[in-house]
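Notes to accompany the following structure.
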Amino acid sequence: MKNSEAKLWELVRGNLQLSLSSANFSTWIAPTQVESITKNTAHVRVPNYMTKHYLETKFYQDILDAFANIDHPVEKLIFSIGKISKPQSPTPQPSNNKDKNTQESPLPTNETQPSSSNTPFQSKYNFSNFIVGSGNRLAFSAAQLVVEKPGTAYNPLFLYGPAGVGKTHLMWAINTEILKLNPDTRTVYVTSEQIISEFVQAIRKGEKFTNKYREVDVLLVDDMQFIAGAEKTQEEFFHTFNSLHQNNKQIVLCSDRPPKEIPTLEERLRSRFEWGMVADIQPPDLETRIAIVMQKAQDKGITLDESVADLIARSAEMNIRELEGALTKVLGYCLAHNTELTFEVAEIALGEQNKQKKRVEVKDILQKTASYYNISYDEITGTRRNKEIVLPRQVAMYFMRTELHLSFPIIASKLGGRDHTTIMHGVKKLEKTIPTDTDLAADINKLKAEIF
C-alpha cells in the first residue's frame, strides 16, 4: 500500500463521518484498511465476514460517494478479509500560518476508534473534551451523575437527538469515566442492529442468547430506534432490561427520537425506557460549534485561528458530524494542494460547499410561512387561535421539527412559550393530514422549496 493511497483512504473515512452515525462508523468503517486504489477500483481489507457483508450491502454507495467528494471517484469496491495492520507512520498535516515552526501533526487515522466490546474505551471520548452548550447541558449533567452513581441515579439514562450532535460521544464518555473510577467494571457498548444480528445468529445456531448481556455492570445500547419492529428481539431485550434493572446495573440507551416517538416499540419497553431520565441533545449553537471546531483541530495537533474556526462553524449548522466533515475538507484541501491553513484557503476549500448550502433559521421559517398564508409575523407567533392562523402556525412547527430537528420544548419557546404538548399535537396532526389532503401537501411542497 502506497502512502498516497493511505492518505486518500483517510480522507474517504473522514467524509464518511458526514453521512454515517458514529456507531455505524466505528463499527463498520473504522476497522478497515486500504490495500490499493486504482483509477476505477479500490481494494479494501476488512477484519471479518460480517464487516464485508455490511459494507457490500449497506454502505457500498456511501463509500463511492465519499470517494467522489474528495475528487477521486472510483467505480468499484472490492472487499477482502484479512489482518488489519497497525496504523502507518504519521502523515504530515498543514501547519497553522501563525506558527510556522510548529511541528507538523498527523491526520487522524481512526484506527483507534472504539468497537463494541467490554475493553476500555479510547481516552479521546471523555467528559473533558465534550463541549457543553445550551443544547446538551441537561444530558451532560445527567451523564455525570450516572458516572457518580451508576445503577441508582437515572437508570436508565435515555439520550435522544438528531444524528451527529454528540450522543455517542457522551455514551463513550460515560463508559470511559466509569472505567477510570473502577477498572473492574464489566461494560458493554453495542448497537441495536448488532443485538438483532446476534439474536438471529443465535437462533440459527440453536444457541442461548439470554445471558449475553445480563452479566454486565453497565450496558450501553446505541441506535435504539432500530429495535422497533423486531418483535422477538424486543421481547429478549425486555427480559434483559428487567434483569439488569432489578440488580441495579446501569443501562444507557441512545436514539434519534424519544421513546414515545419510536414507532412499533412495545409499550412495556417504552414505559421502562422512561423510568429514569430522558434527555435530549439539540444541534449546537454558533458559539458551541466554534468551540467544537477548535477542540477537534486541537485533537489533530493543529491550533486554528479563531476566524477560521468561525468560518467552518458557520458552514455546518446542524450537527457535529458536519463540522468534522467541513474541518476534514479544509485539511484535505491543504494536504492535496500542499498549502498552509489560512482563512483565505479555508474559504476556497469550503466555497463550493457554502454555495450549495442554504442557511435556514427559525425566523426564516416563520416569516416565509406567515407571508405565504398572508398573515403577519406577530400573528403566527402570537396567541390567537383563529383557523386562518392555526394552520400556518402548525406548518411552521412541522418545518422546525422535520427540517431543523428541533425539540418540542425549543419549538414552543420560539412560538411564544407555548406548552410543548401543544407543539407535539400540532406536528402530529399535520403529519396525519398531509398524506390525505392534496391541497395541504401542495402548500407544504411549495413552501419547502421556497424556504429550504
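The values are calculated or read from the model by the stated rules, or taken from the named source; none is laboratory data. Note that the structure is predicted; figures quoted are calculated from it, not measured. Backbone-built Cβ (ideal geometry, glycine too); neighbour counts: all protein chains shown. Side chains are part of the model used for accessible areas, which takes the heavy atoms of the whole protein and leaves out ligands, DNA and RNA. Shrake-Rupley method; radii C 1.70, N 1.55, O 1.52, S 1.80 Å.
Of all aspartates and glutamates in the structure, those lying under 15 Å Cα to Cα from Lys180, and not within fewer than 8 positions of it along the same chain, are Glu148, Asp217.
Here the peptides 188-201, 47-60 are ranked by packing, the mean other Cβ count within 10 Å, and the order with the highest first is 188-201, 47-60. Which whole-angstrom value gives the distance between the alpha carbon centres of the range 219-286 and the range 43-59? Computed from Cα coordinates, the inter-centre distance equals 28 Å. Normalising by residue count, the range 279-337 has a Cα convex hull of 79 Å³ per residue. In terms of its C-alpha gyration tensor, the range 261-376 has an oblate overall shape, because the principal axis ratio a/c (a ≥ b ≥ c, square roots of the eigenvalues) is not below 1.5 and a/b does not outweigh b/c. When the accessible area of the chain is computed with all protein chains present and a 1.4 Å probe, what percentage of it is carbon and sulfur? Heavy-atom surface of the chain belonging to carbon and sulfur, 1.4 Å probe: 48 percent.
Computed from point charges on the beta carbon alone (+1 for Lys and Arg, -1 for Asp and Glu), the dipole magnitude for the chain about its Cα centre is near 640 Debye. Start at zero, step by 20 Å, and the Cα-Cα distances of the chain spread as 22, 53, 24, 0 percent across the bins. Taking a ≥ b ≥ c as the square roots of the Cα gyration tensor eigenvalues, the range 395-444 comes out prolate, since a/c reaches at least 1.5 and a/b is larger than b/c.
Solvent-accessible area per residue in the range 255-377 equals 46 Å², computed with a 1.4 angstrom probe and all protein chains kept. Here the contact order of the chain, divided by its residue count and restricted to Cα pairs under 8 Å and six or more residues apart, works out to 14 percent. Note on the range 4-67: Rg/Rh from C-alpha atoms, Kirkwood Rh, equals 0.92. Listed peptides 440-446, 361-367 appear in the order 361-367, 440-446 once ranked by packing, highest mean of other Cβ atoms within 10 Å at the front.
Pairs over the 19 Å Cα-Cα cut-off, from the set Lys167/Lys429; Lys39/Lys329; Lys52/Lys83; Lys260/Lys432; Lys260/Lys428: Lys167/Lys429; Lys39/Lys329. When Thr288, Thr433 are compared by accessible area at a 1.4 angstrom probe, the order from most to least is Thr433, Thr288.
Other residues with beta-carbon under 13 Å from the beta-carbon of Val390 carry, at +1 per Lys or Arg and -1 per Asp or Glu, a net charge of +4.
The range 129-198 and the range 412-452 have Cα centres spaced 33 Å apart.
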